[in-house]
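Visitor: For reference, the structure I am asking about is given below.
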Amino acid sequence: MSSQRQPENCPPGGGRSGASSPAAGPGAPGWPRSLQILVKPSGSACNLRCDYCFYLDKSRLYPDVAAAAMRMDPRVHESFVDQLMDGQLPGAGVTISWQGGEPTLMGLDFFRRAVRYARERAPTGAPVGFTLQTNGTLLDAEWCRFLRDEQVLVGLSVDGPPELHDTYRRDARGRGTFARVARAAELLKEHEVDVNALCSVHAANAEHPREVYAFLRDDLGMDWIQFIPIVERVNDDGSTLLQQGSRVTGRSVSPNSWGAFLLAVFDDWLQTDVERVHVSIFESAFASWVGVPALMCVFAETCGEAPVLEHNGDLYACDHFVEPDHLLGTITETPLRELVASDQQRRFGAAKRDALPRVCRECDVRFACNGECPKNRFVPAPDGEPGLNYLCEGYAAFFRGIDAPMRLMARLYRAGRAPAEVMRLLPPGFSVTPSDDGADAAAPHREPPP
């Protein structure tokens, strides 16, 4: 299994991400071991109006700034780069990750300047990688040549075939965006840009896992895929601005549907695609089964190593907690190293572990799940204790369902064999998807040679 390399909304805790790994070691006291800051150069500004987008509402945090005016001053970005570089060990690689909103609204000149400055500012011998998460609708040949030439790893947001993608991913005029996204995928491939798919799983596509997976893999030719669940918490005022409230929107994926989606995709992946198609959650699970630290922050024991830098230099604890209570400070006023090592951020990161309810602490799949993302922990546990993850039932079904093949792949790995051998060692008809009669999936009956 290869290490992860995705420009995710939730970045990996290690492994490849662009040209190099995230910060590899502390260059100053308290500097996180795998820090990866997500930069929002255009803030929440976007040319689309996807129904489930949690970030569009963030414009309300800056009421004095029109969304169209949310543009990062290049000097703020350069100050960020200076401070980021100063925090690295000599020779350690660094990755700069741009997200949004829609970052391509900044225009190519901003990114040309940003890349040039970062390469000039990097210590001698230190590799610099770049990632860009985009809806793809503004990409053209000139963009693609730049992305290829500068080796920018691109994440393209796409939710499946046209009828599934266009359900929620529409533009400001209410028009579907699939045709433009498909064209972007074609251009990126044509120009040999390193690209992977970010697929949100929601009420519209959750019941079509095999169709979605086959489309991303075969029709779009994606061999790196990330699936993220849409869970929209409804606040008391009806908004989704803050991570509050215990109700979810009708667009949200249900726990059972999320688990069933993952199991169905895993079934198809297990037949032909192990080590050929890289699905982030499967690779992160494999890491857990072999005892490697989680590859995705949502499954790490603690969090806090993926702060978000807003357009004006404000630094927030996490992409999903860009809220007043989680504002760490502004990098033009307080050094980045002080903000990321602050007591506030340390408490935020440790709370993920410390606030786990008893049922999670005693769960047999905690080693792979760790309660997932704190943003989704808003339902009571069976014993009434607060803080259970909304998606718990789905994750439990998934992690328990894949246990047998994961154990087999882990044994192969420890024996110095390729985990992909699992595909020929599984018995005919093996499936992790529960049968209609409720029987458990069969366990592999052939062991790899010692």
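Visitor: Ala306 passes all but one of (1) more than 16 Å from the chain's Cα centre (by Cα); (2) modelled with pLDDT under 95; (3) open to solvent by less than 20 Å² (accessible area, probe 1.4 Å); which number fails?
Guide: All conditions are met except number (1).
Visitor: Filter the stretch 170-184 down to residues that are farther than 15 Å from Leu216 by Cα and outside any loop (DSSP other than H, G, I, E, B) and give me whichever is least open to solvent (accessible area, probe 1.4 Å).
Guide: Residue satisfying both the conditions and the ranking: Asp171.
Visitor: Name the pairs: first residue in the stretch 400-416 and under 12 Å from Phe266 (Cα atoms), second residue among the hydroxyl-bearing types (Ser, Thr, Tyr) and open to solvent by less than 40 Å² (accessible area, probe 1.4 Å), Cβ to Cβ under 9 Å, at least 6 apart or on different chains?
Guide: Close Cβ pairs (under 9 Å, with a partner that is among the hydroxyl-bearing types (Ser, Thr, Tyr) and open to solvent by less than 40 Å² (accessible area, probe 1.4 Å)) amount to Met406/Ser288.
Visitor: Could you go through the stretch 375-392 and let me know if any residue there is under 19 Å from Ser288 (Cα atoms), open to solvent by 40 Å² or more (accessible area, probe 1.4 Å) and in contact with a helix residue (DSSP H, G or I) (Cβ under 7 Å, 6 or more places away or on another chain).
Guide: Yes, that holds for at least one residue.
Visitor: So which of Thr334, Thr249, Thr330 is open to solvent by 10 Å² or more (accessible area, probe 1.4 Å), under 23 Å from Ser200 (Cα atoms) and either in contact with a strand residue (DSSP E or B) (Cβ under 7 Å, 6 or more places away or on another chain) or without any contact (Cβ under 8 Å) to a residue 12 or more places away in the chain (or both)?
Guide: On inspection, the qualifying residue turns out to be Thr249.
Visitor: Test each condition in (1) on the phi > 0 side of the Ramachandran plot; (2) surrounded by 22 or more Cβ atoms within 10 Å (Cβ to Cβ) for Ile96 and report the one that comes out false.
Guide: Just one mismatch for Ile96, condition (1).
Visitor: Turning to a different aspect of this structure: Could you tell me how many of the residues in the stretch 51-84 are free of Cβ contacts under 8 Å to residues at least 24 places away in the same chain and touching a helix residue (DSSP H, G or I) at 6+ places or on another chain (Cβ under 6 Å)?
Guide: 1
Visitor: Taking the residues in the stretch 121-142 that are at pLDDT 95 or above and of a type in the set (D, E, K, R) as candidates, determine which candidate is farthest from Ser44 (Cα to Cα).
Guide: Glu142
Visitor: Could you please find all residues in the stretch 109-144 being part of a loop (DSSP other than H, G, I, E, B), open to solvent by 50 Å² or more (accessible area, probe 1.4 Å) and in contact with a helix residue (DSSP H, G or I) (Cβ under 6 Å, 6 or more places away or on another chain)?
Guide: Leu138
Visitor: Can I ask one more? Of all residues in the stretch 44-92, count the ones that are over 18 Å from Leu336 (Cα atoms) and outside any loop (DSSP other than H, G, I, E, B).
Guide: Selection size over the stretch 44-92: 10.
Residues checked against (1) surrounded by fewer than 18 Cβ atoms within 10 Å (Cβ to Cβ); (2) in contact (Cβ under 8 Å) with a residue 24 or more places away in the chain; (3) under 25 Å from Phe54 (Cα atoms):
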residue: Val253; (1), (2), (3): no, yes, yes
residue: Trp258; (1), (2), (3): no, yes, yes
residue: Phe261; (1), (2), (3): no, yes, yes
residue: Asp267; (1), (2), (3): no, yes, no
residue: Asp273; (1), (2), (3): no, yes, no
residue: His278; (1), (2), (3): no, yes, no
residue: Glu283; (1), (2), (3): no, yes, no
residue: Gly291; (1), (2), (3): yes, no, no
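Visitor: Being in a loop (DSSP other than H, G, I, E, B), farther than 15 Å from His208 by Cβ and not aliphatic (A, V, I, L, M) is the filter; apply it to the stretch 252-285 and report the residue that is nearest to the chain's Cα centre (by Cα).
Guide: Ser252
Visitor: Let me ask something additional. Of the conditions (1) open to solvent by 10 Å² or more (accessible area, probe 1.4 Å); (2) modelled with pLDDT of 95 or more; (3) among the charged types (D, E, K, R); (4) within 22 Å of Val201 (Cα to Cα), Asp57 satisfies every one except a single condition; which number is it?
Guide: Just one mismatch for Asp57, condition (2).
Visitor: Also, I was wondering about something else. Please find, among Asn235, Asn196, the residue that is of a type outside the set (Gly, Ala, Ser), open to solvent by less than 40 Å² (accessible area, probe 1.4 Å), within 30 Å of His326 (Cβ to Cβ) and free of Cβ contacts under 8 Å to residues at least 24 places away in the same chain.
Guide: Asn235
Visitor: Just a yes or no: is a residue in the stretch 69-78 open to solvent by less than 50 Å² (accessible area, probe 1.4 Å), modelled with pLDDT of 90 or more, out of contact with any Ser or Thr (no Cβ under 9 Å at 6 or more places or on another chain) and farther than 21 Å from Thr134 by Cα?
Guide: Yes: one or more hits.
Visitor: Taking the condition surrounded by 20 or more Cβ atoms within 10 Å (Cβ to Cβ) and farther than 18 Å from Leu315 by Cα, does Met106 pass?
Guide: Yes; evaluated as a whole, the condition is true for this residue.
Visitor: What are the pairs with Cβ atoms under 6 angstrom where one residue, in the stretch 107-132, is over 17 Å from Leu147 (Cβ atoms) and the other, located anywhere, is open to solvent by 20 Å² or more (accessible area, probe 1.4 Å) and in a helix (DSSP H, G or I)? Sequence gap at least six, or different chains.
Guide: Listed pairs, sorted by first residue: Tyr117/Glu78.
Visitor: Please go through the stretch 338-371 and pick out each residue that is under 18 Å from Gln244 (Cβ atoms) and either open to solvent by 50 Å² or more (accessible area, probe 1.4 Å) or touching a strand residue (DSSP E or B) at 6+ places or on another chain (Cβ under 7 Å) (or both).
Guide: Passing the criteria: only Ala355.
The values are calculated or read from the model by the stated rules, or taken from the named source; none is laboratory data. The model shown is predicted, which means the values in this text are computed figures rather than measured ones. Counting neighbours? That spans all protein chains shown, and the Cβs are built from the backbone with ideal geometry, glycine included. Ligands, DNA and RNA are excluded from the accessible area calculation, which covers all protein heavy atoms including side chains. Shrake-Rupley method; radii C 1.70, N 1.55, O 1.52, S 1.80 Å.
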